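Contents: one structure, followed by commentary.
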Amino acid sequence: MVPNKVLFFIPTLEAGGAERVCLHYMNHIEAFQPVLLLQFERGPLLSKLKPTVPLSEICRSPFSKAQVARSHPPFWVKIRQVLNATKLCQWLRNIQLFYLLWQAHQLARSAQEHSCLLIVSFITMSNIVAIFAKMLFCRRLKIVINVHDVTSRILKHSQLKSYERFLLRRLIRHCYPRADMIVAIAQGIKRDLIESFGVSAEKITVIHNPIDIKNVRQQAIEPTVHPWSDNPSDLLIVAVGRLVQLKGYDLLIRAMEQLPSNVRLMIVGDGEERVALENLIAELGIAERVVLLGFQENPWRYMARADLFVLSSLTEGMPNVIGEAMALGLPILATDCSPGVREYLDNGRAGLLVPPGDSSALAQGIAQLLSDEPLRQELARRGRERIAQFDLPTAVRAYEDLLRRLL
């Protein structure tokens, strides 16, 4: 094992907050040589990965055709045929545990192949896989897991069945305390890990997500092609994030129905809720005032031209997009949906907080800010001061210090 090599493990490089943070660390860390292992080699952020970072994809199944071809064909082909005939493959996929163990084995093997003693993982199931890799296949490994959400709230709001939530909670409670270190991105997330999952406070360190302030501001200068971006007679609201239920975009769209006709809303992002949201916009008859822009490689150019940034989520960790809005000098309205959001907004001093899950509260908060120019300017000023603490170089150095202590 080579002490200065670190294996980063994450499901994909889709355009999510955890994925962007992982990318920042890999691209800017200097004290260690990063190696990237993905569960699925996909995502728009792949093109942003520094070319010197080795990249590979985990083999997700011992019974895949590719794996069979690499193994002893007569034996594995027979096993695969038997499993398919008895429908055991589908059953194993359904219970997931078998595949978690298989991925853990592949992760440990990849760490050995790349001579990495330290694994840094992101997102819940990848964190569990990384801890299994240490517990079951290579005790010498050091595991750092990153927690970007208030996990107990995510489980509560998830669409999992009750027994699935119970099993996942038990898995987290069993595995997370066995990590060598846990990086929580907010104090509220640290408290949740201690109170809900029995993790020792000494095993948790808080490092806020890095925001590449310089890059965000540079990219924001690029022109946009949408006519709403430069119409002085309109008031423009921008929201950014995946189109999923937890983001509360249905509530934000319903809030638009309660606002004046010169208020327009851009939502930047894509996801599984897109069709449902499009149908809601059509049902409310506000298609001329609300647009879903889809995924944008450069969302900051749209944010920079807005009068107000809104976060309407039902639950969050400590969302990067708040920091990006602060870096661009935007006034912020956010739902008080997690300790991380409240922490980011300095308990409401750097942004207006409204109750989550309430479209009327969103509408009232938006109307208040859009009608009060001095308040918007004051919130924007406080946001610019606040975001200086989250600048990329500061977070990267803190992360490097943490990894040095483990090795």
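A few notes on this one:
- Residue match in the range 384-392 (condition: at pLDDT below 95, part of a strand (DSSP E or B) and either under 19 Å from N209 (Cβ atoms) or not hydrophobic (A, V, I, L, M, F, W, C) (or both)): yes
- Against the test of being in contact with an Asp or Glu (Cβ under 8 Å, 6 or more places away or on another chain), open to solvent by 20 Å² or more (accessible area, probe 1.4 Å) and in contact (Cβ under 8 Å) with a residue 40 or more places away in the chain, the options R382, R404, R376 yield a single qualifying residue, R376.
- Subset of the range 220-249 that is without any contact (Cβ under 8 Å) to a residue 60 or more places away in the chain and open to solvent by 20 Å² or more (accessible area, probe 1.4 Å) - its residue that is nearest to A363 (Cα to Cα): D234
- Given (1) out of contact with any Phe, Trp or Tyr (no Cβ under 6 Å at 6 or more places or on another chain); (2) farther than 30 Å from A327 by Cα; (3) open to solvent by less than 40 Å² (accessible area, probe 1.4 Å), number of the condition P210 does not satisfy: (2)
- From the options V53, V6, residue that is open to solvent by less than 40 Å² (accessible area, probe 1.4 Å), over 21 Å from L246 (Cβ atoms) and touching a Phe, Trp or Tyr at 6+ places or on another chain (Cβ under 7 Å): V6
- Exclusive hit being within 21 Å of I211 (Cβ to Cβ), surrounded by 21 or more Cβ atoms within 10 Å (Cβ to Cβ) and polar (S, T, N, Q), set N298, N320, N347: N320
- Take the conditions (1) over 19 Å from E324 (Cβ atoms); (2) at pLDDT below 95; (3) not aliphatic (A, V, I, L, M); D250 misses just one of them, which is (2).
- Count of the range 121-155 residues which are assigned to a helix (DSSP H, G or I) and either open to solvent by less than 30 Å² (accessible area, probe 1.4 Å) or among the β-branched types (V, I, T) (or both): 13
- When residues of the range 9-50 are limited to those that are within 17 Å of S110 (Cβ to Cβ), under 20 Å from the mean Cα position of the chain (by Cα) and of a type in the set (F, W, Y), the one surrounded by the fewest Cβ atoms within 10 Å (Cβ to Cβ): F40
- Residue identified as out of contact with any His (no Cβ under 7 Å at 6 or more places or on another chain), touching a residue at least 12 places away in the same chain (Cβ under 8 Å) and open to solvent by 20 Å² or more (accessible area, probe 1.4 Å) among E278, E288, E283: E278
- Qualifying residue in the range 157-178 (condition: under 30 Å from L330 (Cβ atoms), modelled with pLDDT of 95 or more, surrounded by 17 or more Cβ atoms within 10 Å (Cβ to Cβ) and not basic (K, R)): no
The values are calculated or read from the model by the stated rules, or taken from the named source; none is laboratory data. Owing to the predicted nature of the structure, the values given are computational and were not obtained by experimental measurement. Note that we place each Cβ from the backbone using ideal geometry, even for glycine, and neighbour counts take in every protein chain shown. Side chains included, ligands, DNA and RNA excluded: accessible areas come from the protein's heavy atoms. Shrake-Rupley method; radii C 1.70, N 1.55, O 1.52, S 1.80 Å.
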